[in-house]
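Readers should treat all values here as calculations from the given coordinates under stated rules, not as data from a laboratory. None of the values given here were measured: they were computed from a predicted structure.
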Amino acid sequence: MWSGGSKPRIGFVPTMGYLHEGHASLMRQAAAENDITVLSIFVNPLQFGPNEDFETYPRNEQRDLSIAAENGVDLVFMPSVSEMYPRKVLTKVLVSDVTDRLCGASRPGHFDGVGTVVSKLFHLVQPDRAYFGMKDAQQVAVIQQMTDDLNFPVTIVPCPIVREPDGLALSSRNVYLNAEQRAQAVVLSSSLAKAREWMKDASLTPAALVNKVRAAISEAPLANIDYVEVLEYPALATPEAEAPFHRTQQRYILALAVKFGATRLIDNELFEPVEVNGNV
C-alpha cells in the first residue's frame, strides 16, 4: 500500500468476478508494478446478448474478496448495475473494424458493451496501468485501440494466458462443464500446440492451417466449432488465404471459439514473425 509522497501509480485489474488463478496473476503483476492496486468486480449486462448467460454467470463475492486480499489488491470496486447505469444508457463507446471478426461477429454488440464499461471504469478509477489477460486477445486489441483513439492516459498491459496442468485455459465459465465436456475441452490447447508444429512448414498457408485445426478440434465428439480463424494481430485483418506464412514479417493470431454443450470457450496462440519463418 502506498504510504505517501508523490502521486501514487495505480494499477487496475477489471474483472467480472468469480476469480481464478488467471485473474490472480494479473493482480500480482499489478501489485508488483504499482503503488496501489485496484480490482473491479462487475458483471456488465451491456456485453451480454439476449440469449447469453448474464443471469447465470457464476458469482461468489466473498471468495473473490479473499482472493483479492491474498494477491496484493488494495481496493476492490464492486458497483451494482444501478450504480454503473443509473438511467438508460444513451452514450456508448463503439470501436469499429477490430470488432468485426471473431467474437465480434458471433456476439453482436458484445464489444460495444466492453468499450463502454471499460471507458467508464477508466474514468472512475483513473489508473496509470490496466492489466488484461491475453486469453481474450481480441478484447485486448479492442481496448488498446480505444485507449489510443480516445487518448486515455492509461498503459494497457497484456498478460499471458494461464492454463490448467492439462492445458485448458482458465476461465470462469469452465465451471459449467460436466466431466466429459471438461475432458474433451483440452482439444483446444492440444490443437494450438499442433498448430505451432505445423507453422514450421514453410509452405503452410492460413487456409491450410485453419483446415488442419478444424479437423483436429473435430476429433472431439462434443466440440461444436463457432470459429477457427487466422488473422494479423493486433489489427485483426484477414491475411491472404493462400499466401504462405513464411513470406511475411507479420504477427499472426490463431483464434478459436468452441462450444461444449451450452458452454462457449475461447483460446488462441500468437505467432511472432521469427516463429512463422521457422527460426526458433
Query raised in the report: Which of the residue pairs Lys88/Lys259; Lys135/Lys194; Lys88/Lys120 have a Cα-Cα distance greater than 26 Å in the structure shown?
Result: Lys88/Lys259
Query raised in the report: With a Cα-only, solvent-free Debye model of the chain, what are the log10 I(q)/I(0) values at q = 0.08, 0.10, 0.16 Å⁻¹?
Result: -0.35, -0.55, -1.36
Query - Residue-averaged 222 nm ellipticity for the chain, from DSSP H runs of 4+ at -39500 (n - 2.57), nearest 500 - result: -9500 deg cm²/dmol
Query raised in the report: If segment 172-276 were replaced by its equivalent ellipsoid, with semi-axes equal to the square roots of 5 times the Cα gyration tensor eigenvalues, what would those be, largest first, whole Å?
Result: 27, 13, 11
Report task. Read phi for every residue in segment 162-171 and hand back ³J(HN,Hα) as whole Hz from Karplus 6.51 cos²θ - 1.76 cosθ + 1.60, θ = phi - 60°, with x for Gly and Pro. Result -> 9, 10, 5, x, 8, x, 5, 5, 5, 8
Report summary line: At the level of C-alpha centres, the distance separating segment 97-171 and segment 1-57, in angstrom, is 12
